[in-house]
Every structure is written in structure tokens, then in C-alpha cells.
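Here the structure comes first, spelled out in C-alpha cells, and everything after it is commentary.
Quick note: the coordinates plus some simple rules give every number you see, no bench work behind them. Since we're looking at a predicted model, the values are computed, not measured. With ideal geometry, Cβ positions are generated from the backbone for all residues, glycine too; neighbour counts draw on all protein chains shown.
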Amino acid sequence: MNEYFQTLTGINKVLYRTAYKFEIDYAANATEESAHQAGLNEIKRIGKLSEELSKPQTYVNLSTGKKFICTGNF
């Protein structure tokens, strides 16, 4: 890994390390640079998902058919 990995904390460290290792182990012609990019892409991907889920979501109660809106941050 590289010095960028040392600057990460928490879940970002896990995401980066997992994507990096997967790229090195399973991608054809993987390099340290492509593994680094895979780690960065994974952090970015999960960040977008987290941001999207923090916005209000519309849910439907299947038994009544009524719609309600909440953030999902219980």
C-alpha cells in the first residue's frame, strides 16, 4: 500500500484496503496504480450511496398503500 492509506480513518480505510487487495489479487495486469485507483473509486462510490440515502426517501406501507417520507437515519 502507500502513504495515502495511512491518512485514511475508519470505514474509508477498510473500503480502500479491500478494493486495493481485490484489484491486486484478481484483476488481470493489475498494478499498484490501478489498485490505488480502485481504492479511491470504492471510497467515492460508497460516499455517493451514503449521500443519496441521507436524502428523504418515499416508502409505501404495503398493507395500507399509504406513502410516507423519511430519511432512513433511524
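All conditions but one from (1) within 23 Å of G10 (Cβ to Cβ); (2) surrounded by 10 or more Cβ atoms within 10 Å (Cβ to Cβ) apply to K55; the one that does not is (2). Condition check: surrounded by 10 or more Cβ atoms within 10 Å (Cβ to Cβ), under 19 Å from the mean Cα position of the chain (by Cα) and touching a residue at least 24 places away in the same chain (Cβ under 8 Å). Does T71 satisfy that? Taking the combined requirement at face value, the residue does not satisfy it.
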